[in-house]
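Every number here is computed from the coordinates shown, using simple stated rules; none is lab data. Small disclaimer: the values here were computed from a predicted structure and weren't measured. Positions of Cβ are generated from backbone atoms using ideal geometry, with glycine treated the same way; all protein chains shown enter the neighbour counts.
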Amino acid sequence: MARRKKAKEPTAAETPTEQPQPVATEPAPVESPRISIQPENIVHAPATEPAAAEQSRSVEAERHAAHENGQSPHHEHAHHSRHPQHREPSKSHAEAVGKRQPRYNEQGKTDYVVGVRVFEHHDPYLSIIKFDEKPSDAVRGKMREAGFTFRSENREWTRPINFETRVQDRVHADRVFEEVCQMTRKERGITHDFGGAS
């Protein structure tokens, strides 16, 4: 009998390999890019840690020096000055401004020929008649009769102007001024009116 041929067994090289089946995987979520919006025209200054440390050391040195001298540092003075209880007592307006200074009111009348002027002084209020040259005895007597007093420090004849009678006092000073000017003109023989009171 014919022998059957033994079926040839496949070798390892010829053994078919199973192909891996693709595994369905879910797609990974995609993160949206983060967008940082910065305001315009803003420049971020770099950190200045060394400068801050240097400032801290200088403050400590100032405190140490002030402690040795028995004084408080400058920045502590500034801190305490912001509190009302550490301020100096405020001065009144009169003390801050000071005493009111007396002043002259040069708007008056002048007789340029005989050199006589009449004007006022404020605070205190005075009527003043002033002569460029020493007047005669008759003129000085007239001034005294009219209530004027001679002040040698300023070489002026003065008469007070009272508030209640200020108008009458000013009119009286003008009349005395005109009278003494006429007396002086007559004494000097001046007959013209040029250069009179203005």
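Less than 10 Å Cβ to Cβ from E106, Lys/Arg counted +1 and Asp/Glu -1: what total charge do the surrounding residues give?
Working: positive: R103, R117; negative: E120.
Summing Lys and Arg as +1 and Asp and Glu as -1 gives +1.
How long is segment 141-198 along each principal axis, judged by its Cα atoms, biggest number first, in Å?
That works out to 38, 26, 19 Å along the principal axes.
Between D137 and F194, what FRET efficiency comes out of the Förster formula 1/(1 + (r/R0)^6) with R0 = 30 Å and r the beta carbon distance, rounded to 0.05?
Numbers: r = 27 Å, r/R0 = 0.90.
Efficiency, from the Cβ-Cβ distance: 0.65.
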